[in-house]
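Below is one structure, written out as structure tokens; the observations come after it.
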Amino acid sequence: LRITLVEPLLRRTVYLAEFVEANGLDNVLVVRGRAEQPSVLQEAGGADVVTSRAVAPLAKLAKWSLPLIHEGGRMLALKGSSAHEEIDRDRDELARLGAGNLEVLECGRDALPVPTLVVKAERMPRPSRRKNEPGMRPAAYIRSSTSTVSGKKSKPSRGDLPADVAESSAVSSSM
């Protein structure tokens, strides 16, 4: 078991790193940053499971979490009483992001006065694109192309890349 804790705040990463070292947790890595940052994607990507607390609406949380998970991996998002409503509201966006098999789990029913609701989602395989599909440029061309705006050359932003190119693929404590 390998665990990666992602935390943006310095004081929390220092605490977590000290705790990990003091307890000899060789299988735990603490990464300072936000889930959507390329360096975090590179270091924490490819996880079986990503967990997070309710730091954002479900669709936004999925946008940050799903790239960290390999296909078939799971996102577990601790949510409040709005879990069902968030799934209903964000279902189309979640599907577009690659989330499927959505489910609300009730945790701690026998131990807590109010159970914790967790949204479980699976990262579904992305549909493959055929080579030379009309209107599609090869990824290498997109990466190396430049565009001219007001006489200046500029590289395309990550938002300009197709999802399967821009996407990198941890268990996370905080997004």
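Just a few scattered comments:
- Looking only at the stretch 1-60, residues that are in contact with a Lys or Arg (Cβ under 6 Å, 6 or more places away or on another chain) and hydroxyl-bearing (Ser, Thr, Tyr) come to 1 in all.
- Odd one out for Ala111 among (1) closer than 23 Å to Leu5 by Cα; (2) surrounded by fewer than 14 Cβ atoms within 10 Å (Cβ to Cβ): (1)
- Condition check for Asp90: modelled with pLDDT of 95 or more and open to solvent by less than 30 Å² (accessible area, probe 1.4 Å): yes
- Within the stretch 26-36, the set of residues being outside any strand (DSSP E or B), open to solvent by 20 Å² or more (accessible area, probe 1.4 Å) and either at pLDDT 95 or above or in contact with a Leu (Cβ under 9 Å, 6 or more places away or on another chain) (or both) comprises Asp26, Asn27.
The values are calculated or read from the model by the stated rules, or taken from the named source; none is laboratory data. The model shown is predicted, which means the values in this text are computed figures rather than measured ones. Positions of Cβ are generated from backbone atoms using ideal geometry, with glycine treated the same way; all protein chains shown enter the neighbour counts. With ligands, DNA and RNA removed, areas are computed over all heavy atoms of the protein, side chains included. Shrake-Rupley method; radii C 1.70, N 1.55, O 1.52, S 1.80 Å.
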